[in-house]
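The structure under discussion appears below in the form of structure tokens.
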Amino acid sequence: MYPNKVRRDIAILVPPDVKSVLEIGAGSGRNCVLYPKDAYKVAIEPENREDMQTADKVAGGFNEYHHVFYEQYTEDRKFDLIVICDVLEHVNDPVDMINFCKKHLNPEGHILISLPNFLSLETIFQILVFRDFRYVRVDQGERCYGVLDINHKTFWTKKSFRRFAKENGLEIEQTIGIRKQLKFMPRLLAHSNFLPLQYGFLIKVKDFTPNERHWGM
């Protein structure tokens with residue numbers, strides 16, 4: 001089980017006027033505090049956790065929890081915001097997940113995605129200095145930043161995700177560097193390829209047509 005903390009680093013990307021939110025890979029649901037209290041919140045989380053932040057326990061908590069993988073979610077519902085924090089790199093087919101989001105997103109809705117940065121200084125240091133790329137097991141308590149989690153299926157940079165987005169009918173409205181390595185240079189982080197451990201993207205869909213071809217890696 002992954003540790004679950006409020007992702008306050010992505011809060012600036014949450015549109016303040018959303019009325020409905022779907023979070024994929026919501027964990028215990030602590031991110032509920034980032035979304036408008038009156039928004040209807042739905043969580044997709046395969047793990048049946050005991051610490052779930054539900055509306056009957058926490059003000060503004062999630063109204064629904066679905067303990068399934070996203071492919072198994074069959075509700076015919078659309079949302080103003082779909083949140084995918086550190087999930088896209090774990091799935092076998094990122095295009096399929098984006099197609100799922102297109103299916104469940106309102107026409108003027110947004111997708112919020114956070115991704116580890118393969119070009120972060122920590123990863124480059126491991127490769128260039130130690131000549132090593134050692135996977136670690138974060139879900140078993142090992143400490144790791146960035147891309148070295150053994151459960152990651154794909155690796156991303158800011159440039160590769162921008163390409164992926166363009167090829168799959170997505171328009172990136174905002175990019176921020178998050179989980180910073182140099183906190184005293186925040187304005188440079190959105191433009192740097194190396195300083196952020198992760199990036200956050202706020203996205204709109206230009207083309208709702210499902211796409212099964214473009215990986216953009």
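For every helix of n ≥ 4 consecutive DSSP H residues, a contribution of -39,500 (n - 2.57) applies; sum these over the chain, divide by its total residues, and give [θ] at 222 nm rounded to the nearest 500 deg cm²/dmol.
Numbers: 4 runs with 32 residues, N = 217.
After summing the helix terms and dividing by the residues of the chain, the value is -4000 deg cm²/dmol.
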### Summary
So, relative contact order of segment 1-147 in percent, Cα under 8 Å, 6 or more apart, is 20
### Task
Would you calculate the separation in nanometres between label points at Ile127 and Arg163, each defined as 7 Å from the Cα along the Cα-to-beta-carbon direction?
1.4
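Could you work out the per residue convex hull volume over the alpha carbons of segment 153-212, in cubic angstrom? Don't skip to the end; give the middle numbers.
Working: hull volume 5.1 nm³, N = 60.
It comes to 84 Å³ per residue, whole-number rounded.
Please calculate how many Å² of accessible area the chain carries per residue, with a 1.4 Å probe and no DNA, RNA or ligand atoms counted. Show your work: numbers first, answer last.
Values: 11400 Å² over 217 residues.
Here the residues of the chain average 53 Å² of exposed surface.
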### Candidate aspartates and glutamates - alpha carbon under 14 Å from Lys41, same-chain residues fewer than 8 apart omitted
Asp17, Glu23, Asp56, Glu64, Glu75, Asp80
#### Entry: Of Lys78/Lys158; Lys37/Lys204; Lys102/Lys204, pairs whose Cα-Cα distance is over 18 Å
Lys78/Lys158; Lys37/Lys204
### By accessible area with a 1.4 Å probe, ligands and nucleic acids excluded, highest first: order of Glu23, Glu173, Glu108
Glu108, Glu173, Glu23
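Which percentage, to the nearest 5, of the DSSP beta bridges contained in the chain is antiparallel? Could the numbers behind the result be given before it?
Working: 15 of 34 bridges.
Here the antiparallel bridges make up roughly 45 percent for the chain.
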### Task
Report Ser114's accessible area, 1.4 Å probe, all protein chains in place, as a number in Å² to the nearest 10.
0
### Query
How many percent of the alpha carbon pairs in segment 63-127 exceed a separation of 13 Å?
71
### Task
Over every pair of different alpha-carbon atoms in the chain, take the mean of 1/r and invert it; report that Kirkwood radius in Å.
17.8
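The values are calculated or read from the model by the stated rules, or taken from the named source; none is laboratory data. Keep in mind it's a predicted model, so treat the numbers as computed, not measured. Every residue, glycine as well, gets a Cβ built from its backbone with ideal geometry; the counts of neighbours run over all protein chains shown. The accessibility values were calculated without ligands, DNA or RNA, using every heavy atom of the protein model including side chains. Shrake-Rupley method; radii C 1.70, N 1.55, O 1.52, S 1.80 Å.
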